[in-house]
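Have a look at the structure below before the remarks.
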Amino acid sequence: MAAEKMALAKAINESLRRALDSDPKVLIMGEDVGKLGGVFRVTDGLQKDFGESRVIDTPLAESGIVGTAIGLALRGYRPVVEIQFDGFVFPAYDQIVTQLAKMHARSLGKVKLPVVVRIPYGGGIGAVEHHSESPEALFAHVAGLKIVSPSNPSDAYWMMQQAIQSDDPVIFFEPKRRYWDKAEVNTEAIPGPLHKARVVREGTDLTLAAYGPMVKLCQEVADAAAEEGRNLEVLDLRSVSPLDFDSIQASVEKTRRLVVVHEAPVFFGSGAEIAARITERCFYHLEAPVLRVGGYHAPYPPARLEEEYLPGLDRVLDAVDRALAY
Amino acid sequence: MTVESTAAPKPRRSAGTKSTAGKRTTARKSPGTDPELVQLLTPEGKRVKNAEFDKYVAGITPEELRGLYRDMVLTRRFDAEATSLQRQGELGLWASLLGQEAAQIGSGRATREDDYVFPTYREHGVAWCRGVDPTNLLGMFRGVNNGGWDPNSNNFQLYTIVIGSQTLHATGYAMGIAKDGADSAVIAYFGDGASSQGDVAESFTFSAVYNAPVVFFCQNNQWAISEPTEKQTRVPLYQRAQGFGFPGVRVDGNDVLACLAVTKWALERARSGEGPTLVEAYTYRMGAHTTSDDPSKYRADEEREAWEAKDPILRLRRYLEASNHADEGFFTELETESEALGKRVREAVRAMPDPDHFAIFENVYADGHALVDEERAQFAAYQASFADVEGA
């Protein structure tokens, strides 16, 4: 059976199961990943089937989780570690930035660190502080790390396979508000490259570029815009580092307008990088400045305000209107 | 396993936490008179008995003793050469190990070939014991690379500059050894300053919880740049281990025999599945933290002078001479060998080529990265633009 409808969280679970099954060097590590199966149940049942030495419940210490995963990778293992929530990655930030990202270069290529750091990220689930953030830009600024974020169950399944097989450290941002979205996953398909963007919807008037949780929103925006006679293209970037600028450029050369949507604060965010580079690459093709829709330069707000903070249908449509008005 | 149940000798006592508030006194507690300290050789070079640890050096031959002496002398000579090279502008920085030779040679010689070492950035003596060519240690200080040796050739990891980070890598590596069912062990080096870092505490937690075969070797050289140990801890550092559920022991870090014995004991514990150990080597950094600082601004000369009397090399020499384990010819020959090493190091440093410009883009990623490729191409075009000008 190759194709099955499953939720995004389940797709990651199946992908981890496949990795554990096919490579004895793959390990799962993190807080509550064993008996509980993770707070989102992404690792549900894995410890039961693969044992405590493969699926490891760790002490509550994020730097320790990443630091020991580095040591295990040096010993030849391929650890997949879970950081329970986005805002809890910062105690591990030092290990990720000063060690995980740099050890390959420091060793002049002699050492490889195939570590995957899974981070459920983003808002929209009514959580308390530190449970809804989107810190991908903070990691993208660091050379040596790769950063990806799937938007749908099929990508979640295949991108996790590819992340685990990569000899580079990969920060795997999981869109937690999409964990329960279901779609078909073909477990025998031959996936495209991990860092290649995908055109989700073809269009001619404007390109909406997004990744992770915002892809679905952009599809909804395109649907709404279509009712007003506007034909928007939606691009799922899938990877934040490297960014597939060739695909963005190709789309912008066709549509001549670009709006980038992400949950993270707009200031110094991935949208800023995309806007700058696309302006360089496509200056004479652009009919409007590249616009960005994202979070504000403010702490992620309490749950009752998050709908104001997060990009929603109307805010993105408003940006589309502004871009088309040039 | 608990501290109480360990076969570990208890050569220590529960130390008080005397207040050191106010002006620092220059005379610190002498290591030779500290009953907490495992010592096999006094500063005068007298062999003293130790019921628990003697057996770890019982079979040591005169030749091996001379070997330890040679290691310490050559390491000190190398270190002195590197300090001079920094003063002459050949190195950007140097972190001297002067005074810590016994701690490093004793512990380094206790390791087995299949053990794995995670150093900080001052473990030149340990590197020597692992067979890393000393000239390889100088690349990062000269600025031609950020490491310079293959960590897997000698099971000696690259230097780690963020203090304490490597204790977690060591713990993870040791967890891997345990998973593999291998019987090797890991030793992680850090200093008294690093003992304040969360990563060190986390490595204690992880290693205890997973019973990882790792030895934490803390060289308490009394100073973290300008901050004395009193600014790091209110209890003797070796006692930290107790709270994590594994034994801690303080050893005279200027006594190469004691460091060898205690580290062998700790590594054997690790190999036999008894989990981690904390060894605190009580020693003294005779020079500056690095060539960038000035110890005269924060510590008194009398303190250094007091520690000079406990010099690790002098101590073993006295013992070798008194026990007729070495003759004058040995010392003369070693002096010649030392000078030759100094010369070789000096010439090697001056001959080190600057790295290729494109090294900036090498090994950023194992699998490549589109942005790095793009920037490399831009850099190449920029470089080539000068060639055009020159060719015009």
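The values are calculated or read from the model by the stated rules, or taken from the named source; none is laboratory data. Note that this is a predicted model, so its numbers are computed, not measured. Methodologically, a virtual Cβ is constructed for each residue, glycine included, from the backbone with ideal geometry; neighbour enumeration extends over all protein chains shown.
Taking the listed residues A:P301, A:P242, A:P265, A:P311, the one that is modelled with pLDDT of 95 or more and more than 30 Å from A:M160 (Cα to Cα) is A:P301, with no other qualifying. The criterion of being crowded, with 24+ Cβ neighbours inside 10 Å and more than 14 Å from chain B (Cβ to nearest Cβ) does not hold for A:P191.
Residues that are of a type outside the set (A, V, I, L, M) and either loosely packed, with under 12 Cβ neighbours inside 10 Å or assigned to a loop (DSSP other than H, G, I, E, B) (or both) within region A:297-317 comprise A:H297, A:P299, A:Y300, A:P301, A:P302, A:R304, A:E308, A:P311, A:G312, A:D314, listed in sequence order. Inside region B:198-228, residues that are surrounded by fewer than 22 Cβ atoms within 10 Å (Cβ to Cβ) and of a type in the set (A, V, I, L, M) make up a count of 5.
Pairing residues of region B:52-67 that are under 18 Å from B:L320 (Cβ atoms) and in a loop (DSSP other than H, G, I, E, B) with residues that are modelled with pLDDT of 95 or more and basic (K, R), at Cβ distances under 9 Å and at least 6 apart in sequence or on separate chains, gives B:V57/B:K264.
Those helices (runs of 4 or more DSSP H) of region B:299-392 in which at least 3 residues are of a type in the set (S, T, Y), considering only elements entirely within it, cover B:328-351. Between A:D86, A:D57, the distinction of being more than 8 Å from chain B (Cβ to nearest Cβ), in contact (Cβ under 8 Å) with a residue 40 or more places away in the chain and more than 28 Å from A:E188 (Cβ to Cβ) belongs to A:D86 only. Among the residues of region A:78-91, the ones that are surrounded by 24 or more Cβ atoms within 10 Å (Cβ to Cβ) and within 15 Å of B:L168 (Cα to Cα) come to 2 in all. Entry remark, region B:156-204: residues being free of Cβ contacts under 8 Å to residues at least 12 places away in the same chain and more than 10 Å from every other protein chain (Cβ to nearest Cβ) number 1 in total.
Return a yes/no flag: does region B:123-142 have any residue that is within 30 Å of A:P59 (Cβ to Cβ) and more than 13 Å from chain A (Cβ to nearest Cβ). Yes, region B:123-142 has at least one match.
For A:S149, the criteria (1) of a type outside the set (F, W, Y); (2) under 22 Å from A:G38 (Cβ atoms); (3) touching a Ser or Thr at 6+ places or on another chain (Cβ under 7 Å); (4) buried (at least 24 other Cβ atoms within 10 Å of the Cβ) hold in every case but one, which is (3). Scanning region A:193-225 for residues that are in a strand (DSSP E or B) and over 18 Å from A:E136 (Cα atoms) yields a count of 7. The sole residue among B:E36, B:E101, B:E44, B:E90 that is among the acidic types (D, E), modelled with pLDDT of 95 or more and under 23 Å from the mean Cα position of the chain (by Cα) is B:E101. Could you tell me whether region A:33-46 includes any residue that is more than 9 Å from chain B (Cβ to nearest Cβ), in contact (Cβ under 8 Å) with a residue 40 or more places away in the chain and over 23 Å from the mean Cα position of the chain (by Cα)? No, because not a single residue in region A:33-46 is more than 9 Å from chain B (Cβ to nearest Cβ), in contact (Cβ under 8 Å) with a residue 40 or more places away in the chain and over 23 Å from the mean Cα position of the chain (by Cα).
With respect to A:A7, determine if the residue is more than 10 Å from every other protein chain (Cβ to nearest Cβ), modelled with pLDDT under 95 and more than 18 Å from B:L168 (Cα to Cα). Walk me through it before giving the result.
Details: more than 10 Å from every other protein chain (Cβ to nearest Cβ): yes; modelled with pLDDT under 95: no; more than 18 Å from B:L168 (Cα to Cα): yes.
No, not satisfied.
As a summary of the residue check, B:G275 satisfies the conditions (1) more than 25 Å from B:T171 (Cβ to Cβ); (2) assigned to a loop (DSSP other than H, G, I, E, B) except for the one numbered (1). Within the span defined as region A:57-65, one or more residues are of a type in the set (D, E), in contact with a helix residue (DSSP H, G or I) (Cβ under 9 Å, 6 or more places away or on another chain) and under 23 Å from B:F118 (Cβ atoms). Annotation for region B:214-221: at least one member residue is within 14 Å of chain A (Cβ to nearest Cβ), within 25 Å of B:W128 (Cβ to Cβ) and of a type in the set (F, W, Y). Of everything in region A:124-144 that is under 14 Å from the mean Cα position of the chain (by Cα) and either surrounded by 24 or more Cβ atoms within 10 Å (Cβ to Cβ) or polar (S, T, N, Q) (or both), the residue that is farthest from A:P301 (Cα to Cα) is A:E136.
Consider A:F139 carefully, then state whether it is within 28 Å of A:G192 (Cβ to Cβ) and within 14 Å of another protein chain (Cβ to nearest Cβ). For A:F139, the condition - within 28 Å of A:G192 (Cβ to Cβ) and within 14 Å of another protein chain (Cβ to nearest Cβ) - is met. When A:L113, A:L108, A:L100, A:L72 are checked against the criterion of being facing chain B (nearest Cβ under 7 Å) and in contact with a Pro (Cβ under 8 Å, 6 or more places away or on another chain), a single residue qualifies: A:L72. Restricting attention to region A:226-272, the residues that are in a strand (DSSP E or B), of a type in the set (S, T, N, Q) and buried (at least 24 other Cβ atoms within 10 Å of the Cβ) total 1.
Elements of the type helices (runs of 4 or more DSSP H) sitting completely within region B:119-197 and holding at least 1 residues that are at pLDDT 95 or above and surrounded by 24 or more Cβ atoms within 10 Å (Cβ to Cβ): these cover B:124-129, B:165-180. Please work out which residue is farthest from A:E174 (Cα to Cα), limiting yourself to region A:216-253 and to residues that are among the polar types (S, T, N, Q) and within 14 Å of chain B (Cβ to nearest Cβ). So the residue we want is A:Q249.
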